[in-house]
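Below you will find the structure I want to go over with you.
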Amino acid sequence: MELSDEQFVRYARHLILEEVGDEGQERLLQSRVLCVGAGGLGSPILMYLAAAGIGTLGIIDHDEVDLSNLQRQIVHATASVGKPKVVSAKETLERVNPTIEIRTYPDRLAPNNVESIFADYNLIVDGTDNFDTRYLINDAAYLGAKTVVSGALLRFEGQITTFRGGVEGHRGEPCYRCLFREPPPPDTIPRCEEAGILGAVAGVIGTLQATEVLKELMGIGDSMSGQLLVFDAIGMAFRKIRYKRNPTCPLCGDIPVITSIVD
Ligand SMILES: [Zn+2]
């Protein structure tokens, strides 16, 4: 694949980086990334991935833009209140970079559609805000041999990590269930609308996720696989926690219990 004159100019600041260059940029242009959620995390993820020239960018979200989203969901604008989030996000991203393909799924990711949707992508970015979807992404990506760059937010905190233990060459690297085996009981989980979130914290975590996606796709630098990075905006501090595959993990352990996605 040859870069066009337009692409040489558009991606000039990437091309000049020794670690990226023509080869790295061509890899991004050939990549297919699915972002689950076009909300607080999905907004910066999608903006940076579109700008970076990810060749095919998928967006799945079942929701519509609400006025209370705009405090942090910067891919959406006031004029888009009431529109499906995937439509609003696509309009913004096409203004940023009309040269990439953007595919939209105005659906909720569920056991009955996850495999067919994931099949078209080589990397999944998790920008969801609920545990059911997070476990579904983890399990389906592991079974389908996809890399996941995961992020989560609460109040003034956020965290990111990467799972790719299902991918050839990365067997033995841990999954989300190695960290947290089962979803917490529903009544113990504080949700964003109850607990609140400082909008810019979503920008920090989503931007870190976008950074990790680009690095994973180009195969440069240290991976966040097996490492949880926790950000605390109040103390303005980052903490890194290393974790390993759990041999008793129901998904990637020695005796797997979860061997397919059950509808
Ligand atoms: Zn596991």
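The values are calculated or read from the model by the stated rules, or taken from the named source; none is laboratory data. Nothing here was measured: the structure is a model prediction, and the numbers come from that model. Here the Cβ is made from the backbone with ideal geometry for all residues, glycine too, and neighbour counts use every protein chain on show.
For region 132-165, how many residues meet the condition of being away from the ligand (no atom under 14 Å from the Cβ) and in contact (Cβ under 8 Å) with a residue 40 or more places away in the chain? Before the answer, list the steps.
Keep residues of region 132-165 that are away from the ligand (no atom under 14 Å from the Cβ), which gives 132-133, 136, 144-147, 149, 151-160.
Filter once more, keeping what is in contact (Cβ under 8 Å) with a residue 40 or more places away in the chain: 132-133, 136, 147, 149, 151-160.
The qualifying residues number 15.
So that you can scan it fast, the table gives a plain yes or no per residue for (1) within 16 Å of the ligand (Cβ to nearest atom); (2) exposed (fewer than 12 other Cβ atoms within 10 Å of the Cβ); (3) more than 29 Å from Glu115 (Cβ to Cβ):
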{"residue": "Arg181", "(1), (2), (3)": "yes, no, no"}
{"residue": "Pro185", "(1), (2), (3)": "no, yes, no"}
{"residue": "Glu194", "(1), (2), (3)": "no, yes, yes"}
{"residue": "Ile197", "(1), (2), (3)": "no, no, yes"}
{"residue": "Val201", "(1), (2), (3)": "no, no, yes"}
{"residue": "Phe231", "(1), (2), (3)": "no, no, yes"}
{"residue": "Arg242", "(1), (2), (3)": "yes, yes, yes"}
{"residue": "Asn246", "(1), (2), (3)": "yes, no, no"}
{"residue": "Cys249", "(1), (2), (3)": "yes, no, no"}
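Go through region 156-263 and tell me which strands (runs of 3 or more DSSP E), entirely inside it, have 2 or more residues that are closer than 20 Å to Lys146 by Cβ.
Working: elements: 157-163, 227-232, 237-242.
Filter on region 156-263 gives 157-163, 227-232.
Still on this structure: Checking Glu216 against (1) in contact with a Ser or Thr (Cβ under 9 Å, 6 or more places away or on another chain); (2) of a type in the set (D, E, K, R); (3) surrounded by fewer than 21 Cβ atoms within 10 Å (Cβ to Cβ): exactly one of these is not met. Which one?
Of (1) in contact with a Ser or Thr (Cβ under 9 Å, 6 or more places away or on another chain); (2) of a type in the set (D, E, K, R); (3) surrounded by fewer than 21 Cβ atoms within 10 Å (Cβ to Cβ), only one is false for Glu216: (3).
Can you tell me which condition Ser80 does not meet? The list is (1) among the polar types (S, T, N, Q); (2) surrounded by 17 or more Cβ atoms within 10 Å (Cβ to Cβ); (3) touching a residue at least 24 places away in the same chain (Cβ under 8 Å); (4) more than 30 Å from Thr259 (Cβ to Cβ), and all the others hold.
Here Ser80 meets the rest and fails (3).
To continue, here is another question. Answer yes or no as to whether Gly219 is farther than 29 Å from Val75 by Cα, among the small types (Gly, Ala, Ser) and at pLDDT 95 or above.
No.
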